[in-house]
Amino acid sequence: MLDLFISAFVTFFVVIDPIGIAPVFASLTRGSDARHKKLMAIKGTVIAVIILAFFAAVGEPFLTALGISLDALKVAGGIMLFLIALEMVFEKRTERREETAERTHQEHLEDISVFPIAIPLLAGPGAIASIILLMASHEGNLLAQGSILGALGLTLLLTLLAFLAASKLMAVLGATVSAVVSRVLGIILAAFATQFIMDGIRLFFAA
């Protein structure tokens, strides 16, 4: 169970990327007071928890109703995660998030908890695909699924803490360190994505 917890935690940590989201959150809440920043951080995280918990609970039955197999989801999810990994390695993901943050700030949208914090920065396609894949891969094993949910909960808790300390975190890390960390996480995510794709193809031909 410890191995599964660590594997799931690394997957969620890389996909959600608390370190990469922190400067985006700081940009989104630029000019806001401390109370508003705290409210947006907590509200956005809670909404993301609800969305991901929904897909964790009914993700596979929902796919079954649509006639989509787990093998197909593994391949599709792996491709999506791999694209995210490429963006992280080549710094495209950060640029897109910053553009979203700037666009939202310019439009003077006070409540940013639902968009873009909860969706798509936290509960984006990568996170949704990951929780469905991991939960479905351990269907019927409540202990294993509990470990997966625990890993997700820990990741979101760390993300919330990163939001609350965004300004200080950016001052400590600096742009260079943040970019290096993002690239390393991107390489790790690419490996996980490749494994998802390979597993999906192997299971498809083994059926």
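The values are calculated or read from the model by the stated rules, or taken from the named source; none is laboratory data. None of these values were measured; they are calculated from a predicted model. Cβ placement follows ideal geometry from the backbone for every residue including glycine, while neighbour counts extend to all protein chains displayed.
Miscellaneous remarks
- Which numbered condition L121 misses (of (1) more than 17 Å from P18 (Cβ to Cβ); (2) crowded, with 16+ Cβ neighbours inside 10 Å; (3) among the hydrophobic types (A, V, I, L, M, F, W, C)): (1)
- Residues (polar (S, T, N, Q), modelled with pLDDT of 90 or more and under 20 Å from the mean Cα position of the chain (by Cα)) located in the stretch 137-147: Q145, S147
- Residue match in the stretch 192-201 (condition: out of contact with any Phe, Trp or Tyr (no Cβ under 6 Å at 6 or more places or on another chain), assigned to a helix (DSSP H, G or I), farther than 14 Å from G20 by Cα and acidic (D, E)): yes
- Filtered residues of the stretch 47-80 (kept if small (G, A, S), modelled with pLDDT of 85 or more, more than 21 Å from V114 (Cα to Cα) and touching a helix residue (DSSP H, G or I) at 6+ places or on another chain (Cβ under 7 Å)): none
- Scanning the stretch 1-58 for residues that are on the phi > 0 side of the Ramachandran plot and either part of a helix (DSSP H, G or I) or buried (at least 20 other Cβ atoms within 10 Å of the Cβ) (or both) yields a total of 1.
- The stretch 148-200: number of residues that are within 30 Å of V75 (Cα to Cα), at pLDDT 75 or above and over 15 Å from the mean Cα position of the chain (by Cα): 12
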